[in-house]
Every structure is written in C-alpha cells, then in structure tokens.
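Chemist: My structure is below; once you've seen it, I'll send some questions.
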Amino acid sequence: ERTGWVVVDQVPLSAALGSYAWALGLILLASLAIWLALAWNLRGQLQRHVVTPLVQLGRGTSALANGDFSRGKALASIPAAFAELTALATDFQHMSDALETRQAKLQESETRFRTFVEKANDIIYSISLDGIFTYASPNWKELLGHEVNEVVGQSFEPFVHPDDLASCRAILKRVVVNGEKVSGFEYRVQHKNGIWYWHSSNASAIYDAGGRIVSFLGIARNITERKHAEEEIKKLNAELEQRVADRTAQLEAANKELDAFAYSVSHDLRAPLRHIDGFLDLLKNRLPNLDEKSLHYMTNISSSATRMGTLIDDLLSFSRMGRQEMSNTRVDLASLVREVIRELEPDAQNRSIHWHIADLPTVTGDRAMLRVVLVNFLSNALKFTQLRQQAEIEIGCQSQETETIIFVRDNGVGFDPRYADKLFGVFQRLHRADEFEGTGIGLANVQRIINRHGGRIWAEGAVNQGATFYFSLP
C-alpha cells in the first residue's frame, strides 16, 4: 500500500562501480583481442586472395613486356577470391596467348624477310632524308665489294658517278618530298675496286606511324651486261644505218645513171628504127613483085622494128616513172577501171569475156600512175586468158585497218609460183615471146609506181590455174 514516503541511501561511487569497472575492462580487452584477430585474419585473406594475385599479375605483365610468354600461361591459374580478379587474370592470359601468337608470326615474317633480303640478287637499301645510308643488304659486299658497315652512315653521293649525281638527287627529292614511286631509274655506282657498274633502281618512301616520310627505300639491280649489250646494239645499228645510207646513196646514184642511160639509149635508138622503117617502105615500093620468102623476111624486119619501138617506149616510161613528180588526189577506182576497160575493148573483140567488178573504193594517189597500174594488170589478164573459151576476169578489193588492197584475178595460163619473185624484175618474163608478146618491163614499172605510193605488190598463181595480182595503198 502506498504511503507516499521515499527512502534514500547514499553509497560511495567507487564502491558501487568497482566490480563493474573490472568486468568492463575485461570485456574491452577481449573485444580488442577479437578485433585484432579478425584484422590479422583479414590481412591474411587479403594477402592471399588479393595482394598476392595482384603481385603475380604485375610480375606476369612485366614478363610479357620483356617477351617472356611462359609466365603468361600461369596467369589464369592464379588463385583469387574475387571473380573480378579471376576474370582479369583470364584476360591477361588471353592477351598473353595473343601476344605470343603475334610475336611468333612477327618472328616468322622477320625471318622470311631477312632470308629474302640475304638471298636476293638485288641490293636493298634505305637512305635518310638527308641522303645518308641507314641500311644496306648483306649482298652489297658481294656485288660492290664494300662491307655493310662501310656503307651505312655514309652519304650516297660518293658511290654515284659524277655524271649521274644530279639525276639521283632529283630522284631522292621526288621520293622523300613528294612521296612518288619511281621505277627503272638508271645510274652508275662504283665498285670498291674502282670499276663503275650500271644499276637500275625502284624506289618508294617509308612512312612512320604518323604518316610522315622518314626515309627512302630502294631496290637496285646490276644491269651492266644489259647496258653493254644496248651500247653494242646502238653501235651496230649506227654502223648498219651508215651502211644502209651508203648503199642507198649508191643505189640512188646507180638508178639515176640507169635512168639517164635508158633515156639516152632510147632516144638514140629511135633514129635507126625510123631509118629501118623508112628503108623498108622504099624497098616495098621499089620491089613490088617480091617472092613469098623475101616478103616474109621484110615482114619479120618490120615486126622486129615495131617490137623494138615498143621496148623503147616502155624503157622511156620506166625511166620517167622514177623521176616523175607525183600529184596525189582522190581517185575513184571504179570510174578508173571502167575507163581502162573501154580503152582495152579492141583487144577484147571477138572474145567471150566475163568481167566481175566489185564495189571499188576511192583512194588517194596519182591518178595517171594508178591508171598505168590498171592498164598493165588488165591488159595482162586479157593477154593470158586468150586461150580460154570463156575468160573470167575479176577486179576486187579488201579493206584492211591500215591499207586498201586491190586485186585482179583471171583464169588464164597462170605461172609457176616458184618464180613469183621474178615477175616484177626488169626484162623478166615467165613465158616465151612466141607464146605471149611483151617486153618484161610493164610489171617492173607497176612495182615502181606502187612503191612510190608507199604500198606493196605481189602475185599468186599456179600453172594453168590462173593468177591473182595484188597491190596495196595506205
């Protein structure tokens, strides 16, 4: 039952707390010991699962940086309490594997390149921007006598022939300043023994990672034998050209003399022929009652004089054709052929002749000279088909890229193809005069005309199978 009274007792604090303070101290000491134990354990865990793996990763990456890929194989097996560290170690291993593979390929490539450089027949070299050799392949000694260390670090200029130095400087500038690729530039370089050798080089610029030109790369090949051969060929060509010029001059002089001789002889022979014809007429008038044999003799004399006159005319024509000035115009060959056929109609009388005339082009040439060509070809076709009951004569053309070819084909007696090269010689005949008349000058004259036009002339045929005569005009 409440009384409303309060009893107060006073006790000293030290007495009241003494036992508790001791207990509290023990508790604090125990807690500190526990925390220290936990901290030590945590340190061990961190050392084992974090610090040690990180140290091993650091050592592994340092080994990778030094090219020791054997340490990279064990990176993935580093014990770690955290997935992140395990993943990091795995990534480092993958990086190690990739680097090892890349390094192996790089070493293989380097070995292959070194083998290529050492085995190459050509000299490979590099020159700095200021003209100093920075590299020379080992075969420099074999090809030019110098040790590599005698070349690297030296200017390229003392090695180059003085006459080629300016062009080599220009090439260096084009490459290292403009970045050009240059191929096949030729120059002379001196062997250690003092002999000069011809080289041909291909060159290009070498760039750094930033795209800046840092040096000149060249590949040089010894072309001395080729240059000597070229010089020998030039010498032979010069000698040949001189010999051809001399022979041409001699031939031109001989032709001029021949033309002058033919012209002179032709004129000189005309007077005796006129005398022969005149005296034959006088004899016929003085001796009207000649016996048959005497008349035959006089007829032979007259025929021979006529043939001689024809030969003289042909010689004059041949002589003039070499000196006559050409007058090139556009010539309608179709019209010209029809004109020549009309002119030859008397020779075609009482004969069965079938003319085959193609669509002929318009060409450039001397009309009068081309008319002479067609007269010769067509009159020959008429002459050598006179033994045929039905003569077939074709005039056609073949258009080529650089020339126009005209041909005349017949079904006449033809000729032996073994002697085709004789057809166009002066006084050359493949048939006897008693078989087919002629002087042997017509085709020679035709060849001269076509040659003056810059064309070609040739013939094809067979005995008793006809012949085809061709000429071309550019």
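Laboratory data are not the source of any read-out in this text; all were calculated from the coordinates shown. This structure is a prediction, so every number in the text was calculated from the model and none was measured.
Chemist: Give the lysines reachable from Lys181 as a straight Cα distance under 25 Å; neighbours fewer than 8 places away on the same chain don't count.
Modeler: Cross-link targets: Lys119, Lys173, Lys227.
Chemist: Please list the radius of gyration and Dmax for the stretch 121-222, considering alpha-carbon atoms only, with Å as the unit.
Modeler: When restricted to the Cα atoms of the stretch 121-222, Rg and Dmax are 12.8, 42 Å.
Chemist: Any idea what log10 I(q)/I(0) is at q = 0.08, 0.11, 0.20 Å⁻¹ for the stretch 325-473, Debye with uniform C-alpha scatterers and no solvent?
Modeler: -0.20, -0.39, -1.39
Chemist: What residues have an amide H closer than 5 Å to that of Ile357, excluding those fewer than 5 places away on the same chain, when H is modeled at 1.01 Å from N in the peptide plane?
Modeler: Distant-sequence amide H within range of Ile357: Ile395.
Chemist: Shifting gears a bit: Please enumerate, by chain and number, the lysines with C-alpha under 16 Å from the C-alpha of Lys192, excluding those fewer than 8 residues away in the same chain.
Modeler: Lys141
Chemist: So, one more: Quote the relative contact order of the stretch 121-222 in percent (integer), defining contacts as alpha-carbon pairs under 8 Å separated by 6+ residues. Spell out each step's value before the answer.
Modeler: On the way: 195 pairs, mean separation 29.7, N = 102.
Over the stretch 121-222, the number comes to 29 percent.
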